[in-house]
């Protein structure tokens, strides 16, 4: 567990800069990376091979256990308080020598939350460095972030968005060893480049939120990981008993079908085909959508 003085240092930096790194959580080993490869190898249907990356705590028991780990909660609670929900968990996997990148973006642009009581904990499950496309964060807050669509085939963001930044924008490289993490708020403008190295790069991001912080957007379910939820704004999520637990998986697939339909409508509207977006709820149609539109 982190010392009291270290927690104070992290919170002070987080509140002044909007982010902090590196923070050591676990031993520097490949255990979680190997668990990820093993878990993904069990997935047979094509749509889930894409969708497992989102709300992964509903699919993999070890991810659900990890998001409740006291070392992580003790890092989040001084910022959010004792009552904490996990709103999302996302894998960012860049195989070696691939073009996948994360466009520059500010999460606040898309989340439409009531307040800023949300924090991302981005955990390196492998080494994350300049060569394999580590996370980069703007050193200064940027007002009114403007976007373009950039290479959506390889952009790991669902909309393919990429913020238009001034050439003089200074950024900080969040270089992490396996088992270390970075934390940042929803106003941090961030992104990452392709993996030009000979090794895979894997991050797992948890989005922790306070229960009163409601959104108008699609994501209306969450898991209580600490304290109590006296607001019940978010639908309660099942806890998987094992990897690919049918009950949790069914819940997950319902959420992914809705999400794909919303993102798909945005893309199809460009071709005046938005009326077809409801078909994306069908799993076989989603497989085609992911193959050709994402």
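The values are calculated or read from the model by the stated rules, or taken from the named source; none is laboratory data. Because the structure is predicted, anything quoted here is derived from the model rather than measured. Backbone-built Cβ (ideal geometry, glycine too); neighbour counts: all protein chains shown.
For the condition touching a strand residue (DSSP E or B) at 6+ places or on another chain (Cβ under 9 Å) and either over 16 Å from residue 244 (Cα atoms) or touching a residue at least 60 places away in the same chain (Cβ under 8 Å) (or both), what is the one hit in 46, 74, 56, 39? I'd like the intermediate steps shown before the answer.
On the way: 46 fails: touching a strand residue (DSSP E or B) at 6+ places or on another chain (Cβ under 9 Å); 74 fails: touching a strand residue (DSSP E or B) at 6+ places or on another chain (Cβ under 9 Å); 39 fails: touching a strand residue (DSSP E or B) at 6+ places or on another chain (Cβ under 9 Å).
Answer to the selection: 56.
Find the residue count for the stretch 149-167, including only residues that are closer than 18 Å to residue 95 by Cα and either assigned to a loop (DSSP other than H, G, I, E, B) or touching a residue at least 60 places away in the same chain (Cβ under 8 Å) (or both).
Looking only at the stretch 149-167, we keep the residues that are closer than 18 Å to residue 95 by Cα, and these are 151-157.
Within this subset, residues satisfying the condition of being either assigned to a loop (DSSP other than H, G, I, E, B) or touching a residue at least 60 places away in the same chain (Cβ under 8 Å) (or both) are 151-154, 156-157.
So the answer is 6.
Exactly one condition in (1) surrounded by 16 or more Cβ atoms within 10 Å (Cβ to Cβ); (2) under 16 Å from residue 117 (Cα atoms) is false for residue 193; which is it?
The one condition residue 193 does not meet is (2).
Kindly provide the set of residues from the stretch 168-186 that are assigned to a strand (DSSP E or B) and either buried (at least 20 other Cβ atoms within 10 Å of the Cβ) or within 16 Å of the chain's Cα centre (by Cα) (or both), ordered by number. Step through it out loud before you land on a result.
First pass over the stretch 168-186, keeping only residues assigned to a strand (DSSP E or B): 171-174, 176, 180-184.
Listed by number, the residues that qualify are 174, 176, 180, 181, 182, 183, 184.
Being out of contact with any strand residue (DSSP E or B) (no Cβ under 9 Å at 6 or more places or on another chain) and within 16 Å of residue 290 (Cα to Cα) is the filter; apply it to the stretch 247-261 and report the residue that is modelled with the highest pLDDT. Give the steps one after another, and end with the answer.
Step one: filter the stretch 247-261 for residues out of contact with any strand residue (DSSP E or B) (no Cβ under 9 Å at 6 or more places or on another chain), giving 247-250, 253-254, 257-258, 260-261.
Among the residues that remain, those that are also within 16 Å of residue 290 (Cα to Cα) are: 253, 257-258, 260-261.
Working: 253: 95, 257: 91, 258: 89, 260: 85, 261: 86.
Only one residue fits best here, namely 253.
More than 21 Å from the chain's Cα centre (by Cα) and either in a helix (DSSP H, G or I) or surrounded by fewer than 17 Cβ atoms within 10 Å (Cβ to Cβ) (or both): does that describe residue 287?
Values: more than 21 Å from the chain's Cα centre (by Cα): yes; either in a helix (DSSP H, G or I) or surrounded by fewer than 17 Cβ atoms within 10 Å (Cβ to Cβ) (or both): yes.
The answer is yes for residue 287.
Among residues belonging to the stretch 11-53 that are part of a helix (DSSP H, G or I) and touching a helix residue (DSSP H, G or I) at 6+ places or on another chain (Cβ under 7 Å), point out the one that is farthest from residue 283 (Cα to Cα).
Here is the first cut: in the stretch 11-53, the residues part of a helix (DSSP H, G or I) are 11-17, 31-41, 46-51.
Narrowing the set further to residues that are touching a helix residue (DSSP H, G or I) at 6+ places or on another chain (Cβ under 7 Å) leaves 11, 14, 35, 46-47, 50-51.
On the way: 11: 43, 14: 41, 35: 26, 46: 9, 47: 7, 50: 12, 51: 11 Å.
That would be 11.
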